[in-house]
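Colleague: Got a structure for you, written out below as structure tokens; questions coming shortly.
The values are calculated or read from the model by the stated rules, or taken from the named source; none is laboratory data. In this text, all values refer to a predicted model and were calculated from it rather than measured experimentally. Heads up, the Cβs are rebuilt from the backbone with ideal geometry, glycines too, and the neighbour counts pull from every protein chain shown. The protein model used for the area step is the full one, side chains on, heavy atoms only, and it has no ligands, DNA or RNA in it. Shrake-Rupley method; radii C 1.70, N 1.55, O 1.52, S 1.80 Å.
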Amino acid sequence: MANTAELTVDGKSYSFPTLEGTEHEKAFDISNLRDQTGYVTLDRGYKNTGATKSAITFLDGEEGILQYRGYAIEDLAAKASFLEVAYLLIYGDLPTKDQFTQFETSVRRHTLVNEDMRKIFDGFPVSAHPMGVLSSLVSAMSAFYPDLESGKEDNTDLHIIRLLAKLPTIATWSYKRSLGHPTNYPKNQLDYIPNFLNMMFSLPVEDYKIDPVVVEALNVLLILHADHEQNCSTSTVRLVGSSQANIYSSISAGISALWGPLHGGANQEVIEMLEAIKADGGDVSKYVDMAKNAKTTGFRLFGFGHRVYKNFDPRAKIIKKAADDVLSKLGVNDPVLEIAKGLEEAALNDEYFIQRKLYPNVDFYSGIIYRALGIPTNMFTVMFAIGRLPGWIAQWKEMREQKEPIGRPRQIYTGATLREFTPLESR
Ligand code: CMC
């Protein structure tokens with residue numbers, strides 16, 4: 001039975017329809033609120049605002065559930081390849097064998113980046129953060145495909161393939177140059193993840209042997225990051241795209257949003273925090289105390305807390321186990337892993353964290369795995385971006401297909417009321 005929500009304002013009653021998603025999450029439909037009542041809502045940080053209807057990802061923060069297109073994250077992480085998951089997110093269903101071969105072959109064939117992009121890249125200082133470079137170069141890609149602007153052809157599928165294929169190539173450039181090493185061209189006989197690893201780690205002077213343990217670990221990490229419904233970077237992609245900006249500009253904006261330390265940038269912050277704790281003698285309780293006094297110290301435990309997960313982050317659960325497995329398989333003994341476990345235990349037993357439902361999130365253990373794979377700290381958020389790319393694409397495409405109106409929130413104005421203008425000579 002359809003429900004309605006009743007609202008009484010200034011002695012007048014209004015009724016608004018409610019709606020329910022396929023997983024029974026409930027909403028008030030206030031699309032006509034301002035027209036009917038003259039009021040808008042105020043919801044800083046959009047904590048209670050459903051910005052769209054979406055059929056891509058479901059998550060239940062209370063139960064710790066995450067599903068892409070109805071498939072449990074635990075199943076996908078254990079059984080699927082990253083490109084299969086990319087196809088699933090973007091096109092709605094798992095690919096058949098033929099569909100996958102076609103998709104995978106197209107991605108394989110588009111890994112090469114226009115040589116003129118190198119000239120843009122060469123203009124960046126060697127010290128540039130790879131996330132700034134990545135965002136700029138993805139935005140620059142739009143300049144290489146004039147059909148984007150003509151509006152005559154719909155080459156969306158081709159642009160999707162280009163983005164998926166070229167992002168790893170571009171991502172490796174910053175790392176190579178930071179070492180003073182030549183950048184590598186992709187080798188299209190290699191699969192997606194081995195191709196990325198080869199561009200990252202091979203040198204002209206010696207062969208790089210691709211370790212299947214590393215490939216598998218990266219496959220899991222990329223799948224876990226692939227989508228997370230309306231988070232900050234995804235909402236950015238949808239908002240920018242809602243002005244009908246092209247896919248490269250929209251995704252470039254998402255990369256910038258992801259870079260922030262409260263979002264994807266947290267994975268770099270976590271390792272830097274763990275290193276600082278180690279250098280400070282390894283006393284985790286001191287840092288837990290500092291975080292409890294965040295209001296005065298300004299210090300937060302990076303990798304803890306989540307806007308939506310208030311029980312546990314299912315991705316963190318998988319990653320914690322993967323960190324143990326990968327480090328032991330690779331024979332890596334990272335003292336920072338012990339500090340991370342100590343910190344987690346201290347925080348989880350502390351009333352401050354229990355009361356506020358603060359649990360380790362996806363970023364808490366991911367950096368430890370990246371480190372064990374040989375990926376440097378300032379590339380961690382780039383890894384997150386490579387993983388999140390299919391999600392951004394899927395959300396951008398859905399936003400377009402649903403013909404969503406341009407995103408344009410309201411505000412409650414708190415500035416000066418009308419003032420009389422005084423000419424400069426009289427001020
Ligand atoms: N350490 C200490 N206290 C915290 C933390 C933390 N990491 N996170 C939240 N709190 C406290 C906060 O001070 C507040 O306390 P009080 O009620 O006394 O004022 C309470 O918990 C609620 O915090 P909030 O900031 O209102 O929560 P939010 O939903 O707006 O923020 C968050 C979510 C992820 C931004 C936040 O938990 C945080 O800053 N965490 C650290 C950064 C981080 O790890 N980010 C990665 C998130 S997961 C991956 C991703 O999104 O990319």
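Colleague: What pairs come up if the first residue lies in region 52-67 and is more than 23 Å from Ala80 (Cα to Cα), the second is at pLDDT below 95 and open to solvent by less than 20 Å² (accessible area, probe 1.4 Å), and their beta carbons are under 7 Å apart, counting only those six or more places apart or on different chains?
Modeller: Gly61/Tyr309
Colleague: Just checking: which of the strands (runs of 3 or more DSSP E) contained wholly in region 1-46 hold 2 or more residues that are touching a residue at least 24 places away in the same chain (Cβ under 8 Å) and either open to solvent by 100 Å² or more (accessible area, probe 1.4 Å) or more than 27 Å from Glu63 (Cα to Cα) (or both)?
Modeller: So the answer is 4-9.
Colleague: Further question: So Thr296 ticks every box in (1) within 14 Å of the ligand (Cβ to nearest atom); (2) surrounded by 16 or more Cβ atoms within 10 Å (Cβ to Cβ) but one. Which box is left unticked?
Modeller: All conditions are met except number (2).
Colleague: From the list Leu337, Leu373, Leu327, exactly one residue is free of Cβ contacts under 8 Å to residues at least 60 places away in the same chain, out of contact with any strand residue (DSSP E or B) (no Cβ under 9 Å at 6 or more places or on another chain) and under 16 Å from Val213 (Cα atoms). Which is it?
Modeller: When all the criteria are applied, what remains is Leu327.
Colleague: Sticking with this structure for a sec: Looking at region 28-45, is at least one residue out of contact with any helix residue (DSSP H, G or I) (no Cβ under 9 Å at 6 or more places or on another chain), within 30 Å of Val220 (Cα to Cα) and charged (D, E, K, R)?
Modeller: No: region 28-45 contains no residue that is out of contact with any helix residue (DSSP H, G or I) (no Cβ under 9 Å at 6 or more places or on another chain), within 30 Å of Val220 (Cα to Cα) and charged (D, E, K, R).
Colleague: Among the numbered criteria (1) more than 30 Å from Asp211 (Cβ to Cβ); (2) under 22 Å from the mean Cα position of the chain (by Cα); (3) in contact (Cβ under 8 Å) with a residue 40 or more places away in the chain, which one does Glu401 miss?
Modeller: Checking Glu401 against (1) more than 30 Å from Asp211 (Cβ to Cβ); (2) under 22 Å from the mean Cα position of the chain (by Cα); (3) in contact (Cβ under 8 Å) with a residue 40 or more places away in the chain, the one that fails is (3).
Colleague: Having 1 or more residues that are under 15 Å from Met399 (Cβ atoms) is the bar; report the helices (runs of 4 or more DSSP H) wholly within region 231-289 that clear it.
Modeller: 232-241, 247-259
Colleague: Quick one: is Ser243 farther than 28 Å from Gly64 by Cα, open to solvent by less than 60 Å² (accessible area, probe 1.4 Å) and away from the ligand (no atom under 16 Å from the Cβ)?
Modeller: Considered against the rule, which asks whether it is farther than 28 Å from Gly64 by Cα, open to solvent by less than 60 Å² (accessible area, probe 1.4 Å) and away from the ligand (no atom under 16 Å from the Cβ), Ser243 comes out as no.
Colleague: Residue check, Asn195 against (1) touching a Leu at 6+ places or on another chain (Cβ under 9 Å); (2) farther than 30 Å from Ser54 by Cα; (3) in a helix (DSSP H, G or I); (4) of a type in the set (S, T, N, Q), all met but one. Which one?
Modeller: Only one criterion in (1) touching a Leu at 6+ places or on another chain (Cβ under 9 Å); (2) farther than 30 Å from Ser54 by Cα; (3) in a helix (DSSP H, G or I); (4) of a type in the set (S, T, N, Q) is unmet by Asn195, namely (1).
Colleague: Is there any pair with a first residue in region 257-283 that is under 13 Å from Ala340 (Cβ atoms) and more than 9 Å from the ligand (Cβ to nearest atom) and a second that is open to solvent by 10 Å² or more (accessible area, probe 1.4 Å) and basic (Lys, Arg) whose Cβ atoms are under 9 Å apart and which are 6 or more apart or on different chains, and what are they?
Modeller: Ile271/Arg371; Ile277/Lys286
Colleague: Which is outside any helix (DSSP H, G or I), more than 19 Å from the chain's Cα centre (by Cα) and surrounded by 18 or more Cβ atoms within 10 Å (Cβ to Cβ), of Leu301, Leu337, Leu327?
Modeller: Leu301
Colleague: Testing Val126 on (1) β-branched (Val, Ile, Thr); (2) surrounded by fewer than 16 Cβ atoms within 10 Å (Cβ to Cβ); (3) touching a Phe, Trp or Tyr at 6+ places or on another chain (Cβ under 9 Å), one condition comes back false. Which one is that?
Modeller: Just one mismatch for Val126, condition (3).
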